[in-house]
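> Would you mind keeping the following structure in view while I ask a few things?
Here, each number is a calculation from the coordinates, and none is a lab measurement. Quantities reported herein were computed from a predicted structural model and do not represent experimental measurements. Neighbour counts are summed over all protein chains in view; Cβ atoms, including those assigned to glycine, are modelled from backbone coordinates with ideal geometry.
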Number of protein chains: 2
Amino acid sequence: MSAKLKRLNRIKEILNNKNISSHEGLVKILGEEGIQVTQATLSRDFAELGVIRTITEHGPRYILDSHESGKQIAKLIGFEILSVEHNESMVLIRTLSGRAQGIAHFVDRLNSPEILGTVGGDDTVLVIPSSQKYIPNIVSMVKKMMTEQVG
Amino acid sequence: MSAKLKRLNRIKEILNNKNISSHEGLVKILGEEGIQVTQATLSRDFAELGVIRTITEHGPRYILDSHESGKQIAKLIGFEILSVEHNESMVLIRTLSGRAQGIAHFVDRLNSPEILGTVGGDDTVLVIPSSQKYIPNIVSMVKKMMTEQVG
DNA sequence: CTAAAAAATGAATAAGAATACATTTAATGT
DNA sequence: ACATTAAATGTATTCTTATTCATTTTTTAG
């Protein structure tokens with residue numbers, strides 16, 4: 001396993017077990033474990049892992065988003081989408097079984113003004129356009145998700 | 001409606017419709033609408049609304065967490081929890097119908113080392129302690145959630 | 001195995017957010 | 001209506017994070 005991958009995995013564990021409230025705090029913890037890294041790199045790692053920041057009564061707090069975003073997940077999304085179709089009023093995405101909710105959430109997070117909302121079942125996601133004229137754009141956006149990374 | 005409440009509601013709408021990537025950016029948008037506010041206040045507003053920050057390929061991005069945290073929601077949680085009970089191995093929370101998943105998620109987000117995990121059904125949440133000895137602590141934490149605000 | 005290209009990283013810095021302190025505004029009880 | 005208390009807010013500052021630019025490391029193609 002590459003050094004980077006090892007670090008990313010360790011970061012996930014730490015975020016699940018400790019309250020991390022700054023990049024610097026994590027630099028120190030990792031340092032004590034022999035993983036030497038700078039704040040700049042953690043900033044990039046957080047982006048890659050889809051770490052989100054919330055604000056608690058004790059200040060900021062970094063957590064893993066159980067509802068996947070981030071570059072790492074974006075790559076998986078492509079594999080999970082099987083097909084995209086549409087009619088005059090909406091776009092329908094077919095996914096791996098049990099993955100529709102996850103895909104629907106991912107699409108929601110894109111926060112496109114062309115999308116009114118989504119509904120996820122077990123293996124089917126309905127994407128409701130904010131106007132029917134956006135359907136072609138939405139379809140091509142989803143197709144891009146299947147290959148490149150969107151988001 | 002108080003000025004503050006009006007502002008908070010407008011912020012929610014804006015976060016749902018535009019890509020906000022900094023406090024200052026939102027200060028400007030609100031200003032153009034005649035809602036005058038400073039960055040400091042938005043910092044507090046975001047905490048209150050449970051706004052989270054994600055990192056996208058276009059930089060930071062502020063969004064409303066559909067999976068509620070934040071002070072505003074913390075107050076609702078109390079109403080939604082009907083009772084707390086426990087046996088030797090776990091804690092059971094009874095909730096309003098359909099609210100168990102939300103409560104379970106809220107408890108997860110507390111990220112307590114005393115809690116291994118939660119399972120939410122329709123109106124029942126199981127809280128699995130990381131050790132049985134923590135059950136009293138967990139129970140009192142939940143009871144506090146029913147009155148004060150925890151989180 | 002080597003050259004070329006891509007990815008990862010650090011140092012320094014610019015950009016952004018949180019907070020201490022002071023002040024104003026709103027809410028509450030009498 | 002007034003006094004008292006609590007909530008909200010702004011200013012200025014400190015603290016934190018994102019990014020630019022340069023460098024090193026890793027990967028890929030030949």
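> At q = 0.19, 0.24 Å⁻¹, what log₁₀ I(q)/I(0) does a Debye calculation on the Cα points of segment A:3-64 give, no solvent, two decimals?
Per q value, in the given order, log10 I(q)/I(0) is -0.63, -1.02.
> Taking amide H positions as placed in the peptide plane 1.01 Å from N, state which residues far from B:D65 in sequence (5 or more) or on other chains have amide H under 5 Å from it.
Under 5 Å from the amide H of B:D65: B:I52.
> Give the angle, between 0 and 90 degrees and rounded to the nearest 10, that separates the Cα long axis of helix A:70-80 from the longest principal axis of the Cα atoms of chain A.
40 degrees
> Counting pairs of Cα atoms in the protein assembly as shown, how many percent are more than 37 Å apart?
The proportion of pairs with Cα distances above 37 Å equals 20 percent.
> For chain B, take the longest principal axis of its alpha carbons; what is the angle in degrees between that and the long axis of helix B:3-17, to the nearest 10 within 0 to 90?
Rounded to the nearest ten degrees, it is 90.
> Okay, moving on. Mind checking the mean number of beta-carbon atoms from other chains within 10 Å of the Cβ atoms in B:107-119?
That average works out to 2.
> Hey, another quick one. Quick check on the protein assembly as shown: helices-only [θ] at 222 nm, where DSSP H runs of length 4 and up contribute -39,500 (n - 2.57) each and the sum goes over total residues. Nearest 500, please.
On the way: 12 runs with 142 residues, N = 302.
Rounded to the nearest 500, the figure is -14500 deg cm²/dmol.
> Also, quick follow-up: Bin width 5 Å, origin at 0, all Cα-Cα pairs of segment A:70-147: what percent of pairs per bin?
Bins of 5 Å from zero give 3, 17, 32, 28, 15, 4, 0 percent of pairs.
> Then there's this: Report Rg/Rh for chain B, rounded to two decimals, where Rg is the Cα radius of gyration and Rh the Kirkwood radius.
1.07
> Mind checking the mean number of beta-carbon atoms from other chains within 10 Å of the Cβ atoms in B:55-63? Can you show the working numbers first?
Numbers: counts 13, 9, 6, 1, 1, 2, 4, 1, 5.
If you average over the peptide's residues, the count of other-chain Cβ atoms is 5.
> How far is the Cα center of segment B:1-29 from the Cα center of segment B:78-129, in Å?
32 Å
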